[in-house]
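Below you'll find the structure, written out as structure tokens, and then a few comments.
The values are calculated or read from the model by the stated rules, or taken from the named source; none is laboratory data. Note that the coordinates shown come from a computational prediction; the quantities given were computed from them, not determined experimentally. Every residue, glycine among them, receives a Cβ derived from its backbone with ideal geometry; neighbour counts consider all protein chains shown.
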Amino acid sequence: MTELTTTPAAPRAGRPRSSTAAVRPLGFDPWLLVLVGVMITFGLVMVFSASWDVSWRLYGDPNALILRQFGNLVVGLLAMSIAAFFPIRWLRRLALPIILATIFVLFLLLLVTAGTGPRRAFLAGSVQPSELAKLAVIIYLAVWMESKGERLSEWGYGFLPLMTIIGIVGGLILLQPDLSAVLTVAMVALVMFYLAGARLSQSAVVTAGSAIVGYVLVRLTNTGRARWNDYVAGLVNIEEASYHVQQSLQSFFSGGILGRGLGASREKFGLLPAPHTDSIYAVIGEELGLVGALLVLGLFAVFLWRAFRIASQAPDRLGMLLAGGIAFWIGIEALINMSVLLGLLPFAGNALPFFSYGGSNLVTTLAGIGLLFNISRRQPPPLGVEGHVSTIGVGWRHRRRRVSRLGHHRRSRLES
């Protein structure tokens, strides 16, 4: 077996360049550009369909919530545009201020909303710091993991600092409490740790430890324990599942193959909880049927294909980690949301990206998409030029070298 590897040549004296990638001014990934446009449009249509009854009951205007969502979209598109043209190298200096500001905001939320009940948002629910924290953690971890290089595989330089970072951010989110956001942040961090080149033993320890901690947290919190018990009971007998899951499944069953028609959902009229936010996938299933539900699933599958392709072709380690983290974050949010509404996972509060009503989730998601566009504009240098040299290795002995597992930003492999 012959292995072709491409590694950077030794840098010249002086300040090293972060990347030799060529930047295409408007060279966005065309598939992703079209896909995001389709999902945004589809999402707006479904938000209006799912929200007009709630909007009428709350504000006396069936258009109130959809108009707010348009406002959220404008802010999100602005964030996406900035992220798409923002010099990625600046993140190396801004990552620490970003994560420190995130920790401060999470702590401030607990102070200004002190009292009983959930403490998850500012301004009557308009701003959810836990949503912003997800992207902030991805940015910080990408920069931090890149800076550690080969030393990331050392327990003292990789594993322990990672656990400290996730413990601080996750602990503040848990106090809100928002267990689903904590688990999402932990899963994203684990995947990024693996992609960055962590040892298999480290990844196994982190996975096992996260699973144990997650289970303990679920069992210790009243909300988590109730949701777990409802989930287990629902697996045995669907009539024992939570009311939310029962109504969600009823929506899917009511929709059948082709659905009841756009706008014709019955469950959204006071039966299905949060039809325009957490449960919008159930409204899609009822109004557009199995076809519509599979279409949404297919859109996210295409998104993951393009996003991970961008990660695999990123010109440097930072771009790969950013793209990989963002791809997994958006993908796992969607998977959890859809699985919960189908009764396949315990109930969680994850929104459906691009579709669920809400400003924080939409703006943060579009900011992440902007970073993906940014990375897709930066092309890797051709093999053997711009400071890269090729080496040939034979056999399997090169497989355990400490390299990132996506792409050829450091080393592209061709086996024959």
Legend entry - Matching residues in the stretch 140-175 - criterion: being at pLDDT 90 or above and among the hydroxyl-bearing types (Ser, Thr, Tyr): 140
Inset, instruction - State whether the residues of the stretch 250-264 include one that is in contact with a His (Cβ under 6 Å, 6 or more places away or on another chain) and not polar (S, T, N, Q). - result: no
Inset, instruction - Go through the stretch 346-395 and give me each residue that's aliphatic (A, V, I, L, M) and either modelled with pLDDT of 90 or more or closer than 14 Å to residue 84 by Cα (or both). - result: 351, 352, 362, 363, 366, 367, 369, 371, 372, 375
Legend entry - Failed item, numbered, when residue 189 is tested on (1) within 22 Å of the chain's Cα centre (by Cα); (2) surrounded by fewer than 18 Cβ atoms within 10 Å (Cβ to Cβ): (2)
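Name the single residue, out of those in the stretch 173-186 being of a type outside the set (Gly, Ala, Ser) and out of contact with any helix residue (DSSP H, G or I) (no Cβ under 6 Å at 6 or more places or on another chain), that is surrounded by the most Cβ atoms within 10 Å (Cβ to Cβ). Spell out the reasoning first.
Taking the stretch 173-186 as the starting set, the residues that turn out to be of a type outside the set (Gly, Ala, Ser) are 173-179, 182-185.
Filter once more, keeping what is out of contact with any helix residue (DSSP H, G or I) (no Cβ under 6 Å at 6 or more places or on another chain): 176-177, 184.
On the way: 176: 20, 177: 17, 184: 26.
Filtering first and then ranking leaves 184.
Just to verify a result, which residue in the stretch 143-168, among those that are among the acidic types (Asp, Glu) and either in contact (Cβ under 8 Å) with a residue 24 or more places away in the chain or crowded, with 17+ Cβ neighbours inside 10 Å (or both), is farthest from residue 202 (Cα to Cα)? Outline the logic, then answer.
Keep residues of the stretch 143-168 that are among the acidic types (Asp, Glu), which gives 146, 150, 154.
If we keep only those that are either in contact (Cβ under 8 Å) with a residue 24 or more places away in the chain or crowded, with 17+ Cβ neighbours inside 10 Å (or both) too, we end up with 146, 150.
Working: 146: 17, 150: 14 Å.
Of everything passing the filter in the stretch 143-168, 146 is farthest from residue 202 (Cα to Cα).
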Inset, instruction - Check the stretch 250-268 and report whether any residue there is at pLDDT 95 or above, closer than 24 Å to residue 364 by Cβ, assigned to a helix (DSSP H, G or I) and aromatic (Phe, Trp, Tyr). - result: no
Legend entry - Tally, over the stretch 215-249, of residues that are assigned to a helix (DSSP H, G or I), over 24 Å from residue 275 (Cα atoms) and either in contact (Cβ under 8 Å) with a residue 40 or more places away in the chain or touching a Gly at 6+ places or on another chain (Cβ under 9 Å) (or both): 2
Legend entry - Complete set of residues in the stretch 76-98 that are exposed (fewer than 14 other Cβ atoms within 10 Å of the Cβ), free of Cβ contacts under 8 Å to residues at least 40 places away in the same chain and over 14 Å from residue 318 (Cβ atoms): 97
Inset, instruction - Please work out if residue 265 is among the small types (Gly, Ala, Ser), buried (at least 16 other Cβ atoms within 10 Å of the Cβ) and in contact (Cβ under 8 Å) with a residue 60 or more places away in the chain. - result: yes
Legend entry - So residue 208, is it more than 19 Å from residue 105 (Cα to Cα) and crowded, with 21+ Cβ neighbours inside 10 Å: no
Inset, instruction - From (1) touching a Lys or Arg at 6+ places or on another chain (Cβ under 9 Å); (2) closer than 30 Å to residue 67 by Cα; (3) at pLDDT 90 or above; (4) not in a helix (DSSP H, G or I), pick out the condition that doesn't hold for residue 314. - result: (2)
Legend entry - Candidates 220, 272, 294, filtered to the one that is surrounded by fewer than 16 Cβ atoms within 10 Å (Cβ to Cβ) and within 27 Å of residue 65 (Cβ to Cβ): 294
